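Here's the structure we're looking at; comments come further down.
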Amino acid sequence: MIEVTRLTKRYGGKPAVDGVGFTARQGRVTGFLGPNGAGKSTTLRLLLGLDRPDDGTALIGGRRYRDLRHPLRTVGALLDGAGPVPGRRGVDHLAWIAQSNRIPRRRVHEVLDLAGLSDVAGRRVKGYSLGMRQRLGIAAALLGDPEVLVLDEPVNGLDPDGIRWVRNLLRGYAASGRTVLLSSHLMAETAGTADDVVVIAGGRVAAHGPLDEISAGH
Ligand code: ADP
Ligand code: ADP
C-alpha cells in the first residue's frame with residue numbers, strides 16, 4: 001500500500017506539491033491523473049526517495065523508501081527520463097540492475113519474455129524504438145517481482161498492442177493483490193485500467209475515489 005500524507009515540496013519558494021494526500025490500496029490500480037505541471041512527477045520522486053519532502057510523508061508498506069529492506073523487491077518503478085544507457089544491450093541493462101540488487105539472473109529472462117523483448121534483448125538499446133525502450137523500462141520495474149508498481153506515463157511511445165499489454169499487465173498485477181500506481185496526463189489511459197483515481201492539479205488533490213464516482217462527478 002502507498003500512503004501519502006500532507007506531502008509538500010517547494011522549489012524556490014513555489015510549491016510543486018502542496019499538501020498532497022492519498023492512498024493507493026492493494027489489489028487496485030490507482031490512476032494518478034493530472035495535466036502537465038500538476039505535481040505528479042514530484043510526488044513520485046518523493047515517494048521513491050529521489051528527493052526529500054519539505055513536509056508530510058510518503059510511505060510504501062508503512063516505510064519511507066530509504067528505510068525499505070529490499071527496495072526493488074518492494075517497489076518497481078518506471079520514471080520519466082530514467083532510461084537505459086543507449087550503448088548497452090537490453091539484456092545487459094537488466095542484468096546490471098539484477099546483479100546490483102541480488103536478483104537471480106533467470107529473472108532477467110523472465111521479464112524479457114514478459115515484455116516481449118526476448119528476440120531483441122541482444123541488441124543495443126540505441127537501436128530500439130521508443131516503444132521497445134518503454135517495454136525495457138517496464139521490464140526493469142518488474143525485475144524484483146515487487147509488491148508495489150509505480151509507473152509514470154507507461155504507454156508513452158507504445159503502439160495499440162503495447163498499450164493492451166500494459167493494461168493487461170497492470171490488471172493482472174492488481175488482481176494478484178499487489179498495488180499499482182499509474183501516473184498519466186491522459187484520462188483515456190486511466191479510464192480503461194484504473195479502479196481508483198487521484199486527480200491532481202496545481203500541486204493539490206482535486207478528487208480521489210473510485211473511477212466510476214469520479215467520472216460521474218466531472
Ligand atoms: P507533472 O509531473 O504533473 O507534469 P511536476 O511534478 O513535474 O508535474 O511539476 C510540478 C511543478 O513543479 C511544475 O510547475 C514544475 O515546473 C515544478 N518543478 C518540478 N521539478 C522542479 C525542479 N527540480 N526545480 C524547479 N521546479 C520544479
Ligand atoms: P534523517 O534526518 O532522518 O537522517 P535526511 O536528512 O535524509 O534523514 O532527511 C531529512 C528529513 O526528510 C527527515 O526529517 C526525514 O524524516 C524526511 N524524509 C525523507 N524522506 C521522506 C519521506 N519519503 N517521507 C517523509 N519524510 C521524509
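Pairs please, first residue from segment 18-41 and of a type in the set (V, I, T), second anywhere and open to solvent by 30 Å² or more (accessible area, probe 1.4 Å) and within 15 Å of ligand 2 (Cβ to nearest atom), Cβ atoms under 7 Å, 6+ apart in sequence or on different chains.
T23/M1; T23/E3
Being under 14 Å from the mean Cα position of the chain (by Cα), within 13 Å of ligand 1 (Cβ to nearest atom) and among the small types (G, A, S) is the filter here, so list the residues in segment 34-59 that pass it.
S41
I'm trying to understand the selection: among the residues of segment 6-27, which are in contact with a helix residue (DSSP H, G or I) (Cβ under 7 Å, 6 or more places away or on another chain) and open to solvent by less than 20 Å² (accessible area, probe 1.4 Å)?
Of everything in segment 6-27, those that are in contact with a helix residue (DSSP H, G or I) (Cβ under 7 Å, 6 or more places away or on another chain) and open to solvent by less than 20 Å² (accessible area, probe 1.4 Å) turn out to be L7, V17, V20.
Only residues that are buried (at least 21 other Cβ atoms within 10 Å of the Cβ) and over 21 Å from V108 (Cα atoms): list them for segment 46-93, please.
L46, L47, P53, A58, I60
The values are calculated or read from the model by the stated rules, or taken from the named source; none is laboratory data. Remember, it's a predicted structure, so these values are computed and weren't measured experimentally. Cβ coordinates were reconstructed from backbone atoms using ideal geometry, including for glycine residues, and neighbour counts include every protein chain displayed. Heavy atoms of the whole protein, side chains included, go into the accessibility calculation; ligands, DNA and RNA do not. Shrake-Rupley method; radii C 1.70, N 1.55, O 1.52, S 1.80 Å.
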